[in-house]
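Okay, so here's the structure we're looking at.
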Amino acid sequence: MTHPRSRWEEIVEANPDHSTWYVERFRAMARDGKDVDGEARLVDAMLPRGARILDAGCGPGRVGSALAARGHTVVGVDIDPVLIAAAEEDHPGPTWLVGDLVDMDLPARGIAEPFDLVVCAGNVMTFLADGTHEAALSRMHAHLAPGGRVVVGFGAGRGYAVQAFLADARRAGLVPDVLLATWDLRPYEPDSDFVVAVLREA
């Protein structure tokens, strides 16, 4: 399937060292003892132990690896092969795959079992190409088990309005259960600069 290049791909094309910088940034934060597990704590609290989780836009594996360490089965997908290589190196155990969220089809790659939850953290939605957000959300929805949920977090001032996101989610068959302003459960307000949306099947 041909579709527009994502904003992330455009950034990497303009600066081929960007992906390596991104990997090293989070490696340094982990070495320095910074808290990089906030998203994973929220997701873990939503699920029984041993749940199946899809980390959509997994990057170098920060969120997915923390969930795997908590006893979940994790598959991570990211468009950037440098980030996937770092995930494989730093966090063996989960399944890390290079792939585009816009046309993601894991059953076609041998991963047939659906997921209890899809998490999409780290501003991934704001790095997608304009006009492809609904398709990405539709693919996340398609990989859910019955009763599963999609949890998406991104900065509200990064070129993708929250109301546009919610409209795209509705067209993708997903509606919000909860809207938060942070991964530590602060309530979402119209002027919040971040959103964490817990979505369910409509």
- Task: May I ask you to derive the relative contact order of region 51-107, considering only C-alpha pairs under 8 Å and at least 6 residues apart, and to give it as an integer percent?
- Result: 35 percent
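Assuming 0.36 nm per residue, please report the length gained on full extension of the stretch residue 182 to residue 32 beyond their Cα-Cα distance. Mind dumping the intermediate values first?
Values: separation 150, 0.36 × 150 = 54.00 nm, distance 2.25 nm.
Full extension from residue 182 to residue 32 adds 51.8 nm.
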- Note on the structure: Honestly the chain on the Cα gyration tensor test (a ≥ b ≥ c root eigenvalues; a/c under 1.5 rounded, otherwise a/b vs b/c for prolate or oblate) is just rounded
- Item | Solvent-accessible surface (1.4 angstrom probe) belonging to residue 8, in square angstrom, nearest 10 | 20 Å²
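At a 1.4 Å probe radius, which order do 126, 182 fall into by accessible area, largest first? Don't skip to the answer; put the middle values down first.
Details: 126 5, 182 40 Å².
So the residues, ranked largest to smallest area, are 182, 126.
Using Cα pairs under 8 angstrom and six or more residues apart, how large is the relative contact order of the chain, in percent?
Values: 367 pairs, mean separation 35.6, N = 202.
RCO, the chain: 18 percent.
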- Item | Share antiparallel - DSSP beta bridges, region 97-202, percent rounded to 5 | 75 percent
- Item | Per residue, in Å², the accessible surface of region 32-183 once ligands and nucleic acids are set aside, probe 1.4 Å | 38 Å²
- Note on the structure: Excluding ligands, DNA and RNA, the carbon-plus-sulfur percentage of the accessible area of the chain with a 1.4 Å probe reads 52 percent
- At 1.4 Å probe size, with no ligands or nucleic acids counted, give the accessible surface of residue 154 in Å², nearest ten. 0 Å²
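Which order do 116, 184 take by accessible area at a 1.4 Å probe, largest first?
Descending accessible area places them as 184, 116.
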- Task: With a 1.4 Å probe and every protein chain left in place, tell me how much accessible area residue 168 has, in Å² to the nearest 10.
- Result: 20 Å²
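The values are calculated or read from the model by the stated rules, or taken from the named source; none is laboratory data. It should be emphasised that the depicted structure is a prediction, and the values quoted were computed from it without experimental measurement. To get the accessible areas, we keep the full protein, side chains included, count just its heavy atoms, and leave off ligands, DNA and RNA. Shrake-Rupley method; radii C 1.70, N 1.55, O 1.52, S 1.80 Å.
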